[in-house]
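Structure below; questions to follow.
The values are calculated or read from the model by the stated rules, or taken from the named source; none is laboratory data. Predicted, not measured: the structure shown is a model, and the values here were computed from it. Counting neighbours? That spans all protein chains shown, and the Cβs are built from the backbone with ideal geometry, glycine included. Accessible surface is based on the protein model in full, side chains and every heavy atom, while ligands, DNA and RNA are left aside. Shrake-Rupley method; radii C 1.70, N 1.55, O 1.52, S 1.80 Å.
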Amino acid sequence: MKSCWKKGCIVYCIMAAIVIPLMVLFTIEMSKHSDKHPGEEDESTVTEDALAAPFGLSDDEERMPLADTDYINLATGDKWGFVLGVSGDGSEPINIAHFMGNGMQGRDMYELRSGAEKNCYVLYQAGSETDCGITIFVYPGADSIRVTRDGRMAIFKTAASFDHAVSSIDPDYTPERYAIKMGDHGGKFETLQSGEEAYTFPSGEYARSQWVKDGNKLYYVDVSGCKMKDNYAHDGFYAGSDGSWDKSVRCINGSNQLPQNGASYVDDGGKSWVFQLATDDDGTIHGTAHQAYPKDINFEADYTVKSFGSSAYSLFNVKNDFDCWHAVVLDGGRTLRVSGAGVTEVYHKK
């Protein structure tokens, strides 16, 4: 019996010598992590489950879109809005979503219903049981939403954050402040068959008119979805010869130059742009642009113009959604730099 008791004591002592130091180390490590703020965890603590979670969002907070607030897609100018309330007798929620495309006269109205996943909502034709195939995910803070429609995904931000992001009166603004980080939303840079680089999401949708942070550099993808080079972004900061933010070039944020109406802007190859723009009482700039190639190529196209401020414009082909350009007006309206599909061309007023 004594022999067994002695053996038991020896085993207990050995286990104590091993376990107690481990418990002390564990307590120290836990105290270190308890001092960290959310989002500051070491990469080594991120589990595979967390990495696999869609878009890295795992919080349990129930969120609705903000009511009576426009959510805007920066690249296209399309808007979503929401009216949130209850039925007349207060028995059930009646939440309405309305969509207005850039240039649309009216709005498409939908009924917003909870989806299978938290913070994800499905849209139905108002007053019916017809699923429209549109889902909306609300991000933390509810200042941005992800809209998936017919397998295509787009990010919309509140009008307030949109205005703040491109405002020249924001003294703290830099491209990094509102940039997408490489891997956000499952996105990555891909080299297309034609050689251009585009930042794509798992749905196949491109990031557009957006800075992307990749390592220590920030790259700008223009409205065509491709990495832009040698031109100013919509916020007035400059993307250099490799597409990254060139801090040595002065930002033109704060000034807003317009192309001269009716003037022909021509490049060295004979291609030209002609603009016809108007400014509303509220300062909104809108209008059209006409592109023409030399006579031996015989190609012309008309575009609608979306103004960002900071002398930057997006140009959308009225007949082809895939044909779009990023244009910046410089030198008091004498020079036009136009980017798309990874190429920047310089035009001068004739």
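Go through region 326-350 and give me each residue that's part of a strand (DSSP E or B), within 14 Å of residue 256 (Cβ to Cβ) and open to solvent by less than 20 Å² (accessible area, probe 1.4 Å).
327, 328, 329
So which residues in region 110-123 are touching an Asp or Glu at 6+ places or on another chain (Cβ under 8 Å) and open to solvent by less than 50 Å² (accessible area, probe 1.4 Å)?
Result: 119, 122, 123.
Residues in region 246-253: is at least one in contact with a helix residue (DSSP H, G or I) (Cβ under 7 Å, 6 or more places away or on another chain), modelled with pLDDT under 95 and farther than 17 Å from residue 338 by Cα?
No, there is no match, as no residue in region 246-253 is in contact with a helix residue (DSSP H, G or I) (Cβ under 7 Å, 6 or more places away or on another chain), modelled with pLDDT under 95 and farther than 17 Å from residue 338 by Cα.
Looking at region 297-325, which of its residues are open to solvent by 40 Å² or more (accessible area, probe 1.4 Å) and either assigned to a loop (DSSP other than H, G, I, E, B) or not basic (Lys, Arg) (or both)?
Across region 297-325, the qualifying residues are 297, 298, 299, 300, 302, 304, 318, 319, 320, 321, 322.
Exactly one of these conditions fails for residue 294: (1) without any contact (Cβ under 8 Å) to a residue 24 or more places away in the chain; (2) in contact with a Gly (Cβ under 7 Å, 6 or more places away or on another chain). Give me its number.
(1)
A further question on this structure: Hey, which of the strands (runs of 3 or more DSSP E) in region 234-296, taking only ones fully inside, have at least 2 residues that are open to solvent by 70 Å² or more (accessible area, probe 1.4 Å) and polar (S, T, N, Q)? Steps first, please.
Working: elements: 264-266, 272-279, 285-292.
Strands (runs of 3 or more DSSP E) meeting the threshold: 272-279.
Next question, about the same structure. In region 124-145, which residues are in a strand (DSSP E or B) and under 16 Å from residue 67 (Cα atoms)? Can you show your working first?
Pass one, region 124-145, residues in a strand (DSSP E or B): 124-125, 131-138, 144-145.
Within region 124-145, 136, 137, 138, 144, 145 meet the criteria.
Also, quick follow-up: Just give me the residues in region 200-232 being crowded, with 19+ Cβ neighbours inside 10 Å, over 14 Å from the mean Cα position of the chain (by Cα) and assigned to a loop (DSSP other than H, G, I, E, B), in sequence order.
Within region 200-232, 228, 229 meet the criteria.
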